[in-house]
Ligand SMILES: C[S@@+](CC[C@H](N)C(=O)[O-])C[C@H]1O[C@@H](n2cnc3c(N)ncnc32)[C@H](O)[C@@H]1O
């Protein structure tokens with residue numbers, strides 16, 4: 001089984017020091033790394049781990065086996081965190097953690113998240129959901145694709161890329177990640193094709209966000225998390241790109257103004273040098289933390 005390296009684990013552990021007795025929700029349990037440290041550090045805490053991905057839930061089950069009887073895993077989107085908490089009858093909870101995005105093992109599975117390998121265009125975190133990257137790339141109207149690449153990818157060359165996609169798919173369907181990555185690569189101006197970040201990075205991010213409805217679910221999940229958390233409880237959110245971080249920042253701000261939250265991180269917490277060296281994928285992580293009042 002492929003493991004996941006949990007980002008900002010020391011910083012998360014620091015906030016998890018004095019949790020009150022009760023239920024904690026790991027809204028993105030993934031490989032179970034953060035859940036492990038929460039359960040280990042807080043013998044008085046029980047945990048519900050949520051994930052959309054069956055593979056993740058299996059990895060987490062194995063990782064957390066030392067804590068049998070203190071944790072429960074649920075297949076769900078965190079946008080339904082309120083329903084999960086109601087079903088278990090554990091409201092209000094002592095805290096909620098979100099660690100957005102995909103895990104290392106999802107990137108390594110043949111799900112089409114990576115443009116480094118030849119794989120079918122899928123990109124679903126929940127493999128039982130219906131929309132795939134193949135549908136988005138081959139059947140979305142031109143204007144819709146353009147909006148996705150512009151809004152979710154913040155891609156400067158969205159127009160050129162979408163034109164190339166539409167020209168290509170008139171001749172043949174785009175079947176694989178490599179095919180899509182090549183189309184994007186060739187749409188980039190030649191002098192910008194070889195920078196540190198591959199030209200297809202933003203396009204892949206945008207399509208992944210669309211396939212998994214990521215931003216809307218983050219907004220909904222965060223709002224609900226704030227509402228199910230007890231006074232003094234913590235809400236922690238780790239983002240990996242500016243669109244996610246903006247939602248966290250604005251949601252926290254809105255609930256601060258409503259006198260629901262105290263923001264504990266004036267600026268987001270980012271990984272230290274040694275963590276980035278050990279796990280380069282952590283370099284874009286940003287964590288914001290708030291406390292219910
Ligand atoms: C970065 S990983 C979490 C890793 C985890 N914190 C750990 O330490 O192992 C993100 C996980 O969130 C899941 N995920 C993303 N969006 C989700 C959503 N809307 N609802 C539930 N799970 C989601 C993904 O399937 C993935 O397993």
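Bear in mind these aren't lab numbers, they're just calculated from the coordinates by the rules spelled out. The structure presented is a predicted model; accordingly, all values stated were derived computationally and were not measured. Every residue, glycine among them, receives a Cβ derived from its backbone with ideal geometry; neighbour counts consider all protein chains shown.
Inverting the pair-averaged 1/r between distinct Cα atoms of the range 109-212 gives 13.5 Å as its Kirkwood hydrodynamic radius. Here each label is just a point 7 Å from Cα along the line to Cβ, and for residue 150 and residue 259 those points are 4.2 nm apart. Taking other C-beta atoms within 10 Å as the exposure proxy, 282, 242 rank 242, 282 from fewest upward.
For the chain, the relative contact order is 18 percent, taking Cα pairs closer than 8 Å that sit 6 or more residues apart in sequence and dividing their mean separation by the residue count. FRET efficiency for the pair residue 277 and residue 194, taken as 1/(1 + (r/R0)^6) with r the Cβ-Cβ distance and R0 = 30 Å, rounds to 0.80.
Fewest neighbouring Cβ atoms within 10 Å first, the residues 263, 161 line up as 263, 161.
Taken along the Cα-to-beta-carbon direction at a fixed 7 Å, the label points for residue 231 and residue 175 span 6.3 nm. Taking the helices alone, the chain has a mean residue ellipticity at 222 nm of -13000 deg cm²/dmol, built from -39,500 (n - 2.57) per DSSP H run of at least 4 residues and averaged over all its residues. Averaging the Cα positions of each part gives two centres, and for the range 119-179 and the range 65-108 these lie 30 Å apart.
Under the criterion of Cα pairs below 8 Å and six or more residues apart, the relative contact order for the range 143-229 equals 34 percent. Over the chain, all Cα pairs binned in 10 Å intervals from 0 give whole-percent P(r) values of 6, 27, 33, 21, 10, 2, 0, listed from short to long. Averaging Cα coordinates gives a centre for the range 1-41 and one for the range 227-293; these two points are 15 Å apart. Length gained on full extension, residue 223 to residue 61, computed as 0.36 nm times the residue gap minus the Cα-Cα distance: 55.6 nm. Beta-bridge orientation, the chain: approximately 35 percent antiparallel, per DSSP, counting only bridges with both partners inside. Net length available on complete extension from residue 118 to residue 166 is 15.2 nm, with 0.36 nm assigned per residue and the Cα-Cα distance removed.
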